[in-house]
Amino acid sequence: MKIVEGEARARIAIAGNPSDGYFGKTIACTISNFSAKVRVSESDSIELVMHPKFDPTRFESLDELEAIATRDGYYGGLRLLFAGCKRFNQYCREMGIALPKKGFKVEYDTTVPRQVGLGGSSAIVTALFRALMKFFGLTYEHIPKPILPNIILSVERDELEITAGLQDRVAQVYDGLVFMDFSRELMERYGHGHYENLDTSLLPPLFLAWVRVPSFSGRVHSNLRFRYEHGDKQVIDAIRQWIEIAEEAKEALIQRDYERLAKLMNRNFDIRRSVLGDEVLGSDNIRMIELGRELGAPTKFPGSGGSVIGIYWDEQHLKRLKSAYEEAGFLFEVVQPYEPCRELNTEK
């Protein structure tokens, strides 16, 4: 019996707008701390298996139901698998890719913290596409690598009407540290941006902190998107500044100028704060930023809220940061950047 597995990792945005669906530029990195895995095995029919933890349908009490809904939201990964399989089949049909008529069972698991801006949903869909491509023997000759993030995005944006941008999917498809240019000229001419892998060893030592009880981050996306589409001058100017920050951050990384990178990371968040306001960002997010900065760590969002990343300068600095965040009730880990091996059988 044929069994294959696809995996995709959580991602953190280093510089630029953290979602970017605004013809901007950004730098992001996938990390080994958390990942989603999808297993596809031969079967007589097509079966999507509910996850016992993330797709619960039985509860001990209404209090437990409320607690789980508050912690994890109302939707698990099953709908992502359902929509992902549909879109995979649809794309293959549109491109004239003949898929063998065989059944399969799909199972998933994930360690990515929910709703804290680390690309958890897109990791599940990316892992699914990797598994399906392996299962059906497809390569990047069948689904071009620069196009794959677009298809993965369409699963959430078009099929499920989830507000999202390309950045998560590009980072997770390309893996490691990635510079992304979503300039309008490139997107309109080629249908995708310019994506460049950088050496992950260029990164400074980073930490990640996140909330224990997440809240839905889509409201941040929605507010920004609405204002952008209506020509809000403050938002347009912020996107221009984020583009400049991403370009400068790339230079700073290549030169290993971490003092310069630190200033850029702080500025990156400060612009976001001025555009969205503290009420939208939320008190927990603001507190996580302030905690890091009070201890001399440049700190910003790695996504749309619920977590922060920052630079630590030495082991003593790391210990102080860890203690402060945990005493404040937040979760804390050292970031482990993922170094892609480029050995997937879908790589061509």
For K25, other-chain or 5+-apart residues with amide H closer than 5 Å (H placed, Pro excluded) are N17, F182, I243
Through the Karplus equation 6.51 cos²θ - 1.76 cosθ + 1.60, θ set to phi - 60°, convert the phi angles of the stretch 251-257 into ³J(HN,Hα) values in whole Hz; use x for Gly and Pro.
4, 4, 5, 4, 8, 6, 8
Quick calc, the stretch 29-121, dipole around Cα centre from Cβ unit charges on Lys, Arg (+) and Asp, Glu (-), nearest 20 debye, gives 500
Size of the dipole of the chain about the Cα centre, Lys and Arg at +1 and Asp and Glu at -1 on the beta carbon, nothing else charged, in debye to 20?
500
If I model a spin label at E188 and Y74 as a point 7 Å from the Cα along the Cα→Cβ vector, what separation in nanometres do I get?
3.8
State the Cα centre-to-centre distance between the stretch 105-140 and the stretch 35-71 in whole Å.
15
Quick check for me: using +1 on Lys/Arg Cβ and -1 on Asp/Glu Cβ, what's the dipole size of the stretch 203-334 about its Cα centre, in debye to the nearest 20?
180
For n ≥ 4 DSSP H runs only, could you compute -39500 (n - 2.57) per run for the chain, divide by its residues and tell me the 222 nm figure to the nearest 500?
-13500 deg cm²/dmol
On a 0 to 90 degree scale, rounded to 10, what angle separates helix 62-72 from the longest Cα axis of the chain?
70
If K102, K300 are placed from fewest to most neighbouring beta carbons inside 10 Å, the sequence is K102, K300
Can you pick out the pairs among K101/K145; K105/K300; K25/K101; K37/K319; K25/K145; K53/K322 whose Cα atoms lie more than 30 Å from each other?
K105/K300; K25/K101; K37/K319
Spelling out what I want: for every residue of the stretch 107-116, take phi, set θ = phi - 60°, compute 6.51 cos²θ - 1.76 cosθ + 1.60 (Karplus), and round to whole Hz; glycine and proline get x.
10, 9, 8, 8, 10, 6, x, 6, 6, 10
Expected vector for the stretch 34-50, Karplus 3J(HN,Hα) from phi with 6.51, -1.76, 1.60 and θ = phi - 60°, integer Hz, x for Gly and Pro, equals 9, 7, 10, 10, 10, 10, 10, 10, 4, 8, 6, 9, 9, 10, 9, 8, 5
Take the Cα radius of gyration of the chain and divide it by 2.2 N^0.38 Å, with N its residue count; two decimals is plenty.
0.98
Sequence ranges 65-74, 117-126, 256-265, ranked by mean other-Cβ count within 10 angstrom, highest first:
117-126, 256-265, 65-74
Tell me, in nm to one decimal, what length is gained between E290 and R273 on full extension, where the rule is 0.36 nm per residue of separation less the Cα-Cα distance?
4.9 nm
The stretch 123-191: GluC sites (Glu not before Pro) in DSSP coil with no more than 15 other Cβ atoms inside 10 Å:
E141, E161
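Values in this text are rule-based calculations from the coordinates and carry no lab data. All figures in this text were calculated on a predicted structure; none of them were measured in a lab. No Cβ is skipped: glycine too gets one built from the backbone with ideal geometry, and neighbour counts run over all protein chains shown.
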